[in-house]
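As structure tokens, the structure follows; a few thoughts come after it.
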Amino acid sequence: MTRAKSPTSDLARLRSLYDQITEEGLCTRPGVDPDHWFPDAEPAGNATTQRRFYEQAATARCAGCKALAACQVTAEVEERADLMLHDCAPHGIRGGLAPWARFERLLASNIAVETDKEEAA
Ligand code: SF4
């Protein structure tokens, strides 16, 4: 299967996404405490109720944000690099998603990339 080139490989496009987040992100508005997007405790893997509350908080924090799509793309780009280069998993709320939800997306997209490589070989 052939995939289109990722738009995030275009540095100018990536910069424009960051600009959009700076200008339109709810979490970047003056007077907003960014710590609200980084709750102190992320629940353990089996804490179903805590995870559900966290996910609801993530949805609520980012609800209506005009930069949500840009935020999800930049989060994926950054967190993929952090994971590959530093073995550092996502943390905090970004793009309306809890860190484990973004981590699962990264894993799923890596599987898709690996499958494409195998098919091309
Ligand atoms: S989607 Fe959420 S984390 Fe991303 S810029 Fe908007 S408010 Fe901030």
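Remarks
- The convex hull of the Cα atoms of region 35-75, projected and averaged over all directions, covers 3.4 nm².
- Arranged from fewest to most other beta-carbon atoms within 10 Å of their beta carbon, Thr74, Thr49 become Thr49, Thr74.
- Remark: spin-label model distance Glu23-Asp10 equals 1.6 nm, labels positioned 7 Å along the Cα→Cβ axis.
- Formal net charge of residues neighbouring Pro34 (Cβ-Cβ distance under 12 Å; K, R +1; D, E -1): +1
- Phi to ³J(HN,Hα) by Karplus 6.51 cos²θ - 1.76 cosθ + 1.60 over region 75-81, Hz, x for Gly, Pro: 4, 5, 4, 5, 6, 5, 5
- Label-point separation in nm, Leu107 to Glu119, each point 7 Å along Cα→Cβ: 2.2
- Taking Lys and Arg as +1 and Asp and Glu as -1, the other residues whose beta-carbon sits under 12 Å from that of Ala58 total +3.
Just so you know, all these numbers are worked out from the coordinates, no wet-lab data involved. Keep in mind that what you see is a predicted model, and the values were worked out from it rather than measured. Cβ coordinates were reconstructed from backbone atoms using ideal geometry, including for glycine residues, and neighbour counts include every protein chain displayed.
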